[in-house]
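This is the structure, below, for whatever I ask next.
The values are calculated or read from the model by the stated rules, or taken from the named source; none is laboratory data. Owing to the predicted nature of the structure, the values given are computational and were not obtained by experimental measurement. Counting neighbours? That spans all protein chains shown, and the Cβs are built from the backbone with ideal geometry, glycine included.
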């Protein structure tokens with residue numbers, strides 16, 4: 001890990017706080033004064049010191065690898081170091097290659113960077129003006145270059161000057177404004193951004209300003225509902241709410257209205273779709289070439305889930321996933337003023353799933369406040385995981401909508417949960433974003449991690465298949481009874497979807513769905529809540545009743561159904577969190593229904609924003 005990845009909000013001495021924590025032996029927070037060049041992927045924790053750190057007297061010493069590590073180091077005297085090799089951390093390089101790599105690491109990194117530099121230059125010369133383009137390889141090359149640079153140079157070289165400029169420009173102007181005007185001005189700014197972004201573009205087809213105004217009105221109605229039904233509306237952190245909603249809207253504008261945003265997310269979705277091909281190679285080996293073409297859930301969705309989870313476990317073992325999630329989480333932790341545990345789970349959920357994201361903060365789960373438990377569950381309900389994202393792209397859904405919806409759900413779930421269930425207690429991870437070490441479940445090497453991931457993938461895919469089978473069968477049972485009962489009223493197609501389709505008719509209208517498609521979109525949202533999002537997506541792409549939906553309706557429906565907010569996931573989350581912290585199972589069950597409601601509403605806010613920003617140019621990618 002580089003010497004200083006800490007990000008300290010203006011007006012707080014985060015360096016002193018981090019140094020004090022380091023002196024107390026809490027290895028989860030590094031001392032910013034230590035400028036030695038550590039190895040990022042060898043760190044089992046990614047920590048960010050910040051303002052309002054929780055009282056360390058009550059902080060459990062979860063990261064207790066230090067004693068075992070110290071014992072091991074003491075067992076190796078100076079005379080043995082030449083033959084045994086130095087012990088540098090919890091992830092030890094074993095064997096001759098590991099010792100050779102450690103001694104000549106700078107040359108390995110230089111050679112690696114030179115290969116990528118040659119690749120980038122070659123691409124610029126020969127492919128700049130063809131279909132491959134220059135933007136995506138350039139962004140990838142910049143990312144690799146920065147990663148190698150900051151492997152050897154502390155990020156404080158960049159962050160400290162940036163913090164100095166920020167504190168003496170933007171933050172100084174912020175302090176000059178009277179504190180009583182902060183919320184009103186922030187609200188006016190948010191309203192202005194939403195109005196300009198949704199109303200300025202010209203009208204085309206069914207993309208009228210009237211439809212956009214309905215979507216905007218629906219967004220306001222959802223905020224009003226959350227405020228009215230809040231656990232304590234007087235304690236709603238409006239900084240988090242306004243910041244979350246603005247971030248959600250800006251992400252949507254970047255993806256749906258700019259060429260650069262479209263290209264970046266198209267590239268991300270292309271990489272995700274490529275995973276389907278790799279999983280299909282395994283399916284072909286086990287069966288034959290015709291099986292991946294059958295379009296079955298068992299052969300088309302389950303294999304990518306298993307492969308993706310196995311890959312995630314491998315990335316987690318080598319430390320890349322913790323590093324990436326930690327970097328991603330710090331933005332939401334620092335800008336939206338949420339606790340470290342909430343930021344980590346919110347950032348991780350779109351990538352690794354609702355249950356697995358909670359595993360990242362396993363040591364902290366027994367000590368979470370009710371609001372934090374509510375937030376953790378809301379994040380899970382508000383989005384889908386990367387393991388099923390690639391499978392849903394295989395159904396023919398708009399890949400940019402799916403990927404952008406996952407990212408938009410992060411600030412949306414934080415904002416919605418804080419409105420519905422604001423924090424009223426002192427949080428243990430206030431001021432820190434920490435991915436703690438889970439040494440209990442750590443694999444011995446990468447091969448074991450990959451194999452464990454495959455086994456976990458089988459269990460998760462099996463659970464999904466079994467849940468689908470039982471829920472769909474149960475819904476069929478209820479629909480069978482309703483149909484039989486309805487015939488005596490001369491209603492021949494009385495089903496749960498039919499009933500909820502009409503009940504959700506106003507919801508579809510508030511999202512900005514054209515009048516001709518209101519009942520159909522309402523039925524799709526009902527299917528997603530009752531069964532799951534796969535059933536809704538499958539119906540959207542394969543059911544003849546939805547084949548004639550307008551492009552605007554299809555895009556809004558895609559966003560509205562892009563989340564795990566359904567009854568089956570309710571049981572999954574209660575089960576996972578109760579297993580992690582058995583003593584909190586009562587609290588988990590107490591907030592579960594509220595979290596499900598918040599998660600569904602978070603997804604609907606993204607659909608509403610999609611309705612504000614929809615243009616006719618999106619019709620081709622939405623089909």
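Being in a helix (DSSP H, G or I) and farther than 13 Å from residue 395 by Cβ is the filter here, so list the residues in the stretch 525-541 that pass it.
525, 526, 527, 528, 529, 530
Considering every residue within the stretch 106-125, establish whether at least one is exposed (fewer than 13 other Cβ atoms within 10 Å of the Cβ), touching a residue at least 40 places away in the same chain (Cβ under 8 Å) and farther than 30 Å from residue 615 by Cα.
For the stretch 106-125, residues exposed (fewer than 13 other Cβ atoms within 10 Å of the Cβ), touching a residue at least 40 places away in the same chain (Cβ under 8 Å) and farther than 30 Å from residue 615 by Cα: present.
Let me ask something else. Any chance you could count how many residues in the stretch 186-234 are free of Cβ contacts under 8 Å to residues at least 24 places away in the same chain and buried (at least 17 other Cβ atoms within 10 Å of the Cβ)?
0
If you don't mind, there's one more thing I want to ask. Output the helices (runs of 4 or more DSSP H) that fall wholly within the stretch 302-397 and possess 3 or more residues being farther than 30 Å from residue 424 by Cα and either at pLDDT below 80 or out of contact with any helix residue (DSSP H, G or I) (no Cβ under 6 Å at 6 or more places or on another chain) (or both), or say none.
In the stretch 302-397, the matching helices (runs of 4 or more DSSP H) lie at 302-318, 320-335, 386-393.
Considering 353, 380, which residue is at positive phi and crowded, with 24+ Cβ neighbours inside 10 Å?
It is 353.
Going through the stretch 502-519 one residue at a time, which ones are in a helix (DSSP H, G or I) and touching a helix residue (DSSP H, G or I) at 6+ places or on another chain (Cβ under 6 Å)?
505, 508, 509, 510, 517, 518, 519 - these are the residues of the stretch 502-519 that are in a helix (DSSP H, G or I) and touching a helix residue (DSSP H, G or I) at 6+ places or on another chain (Cβ under 6 Å).
Same structure again: If we scan the stretch 149-164, do we find a residue that is surrounded by 14 or more Cβ atoms within 10 Å (Cβ to Cβ), assigned to a helix (DSSP H, G or I) and at pLDDT 90 or above?
Yes, that holds for at least one residue.
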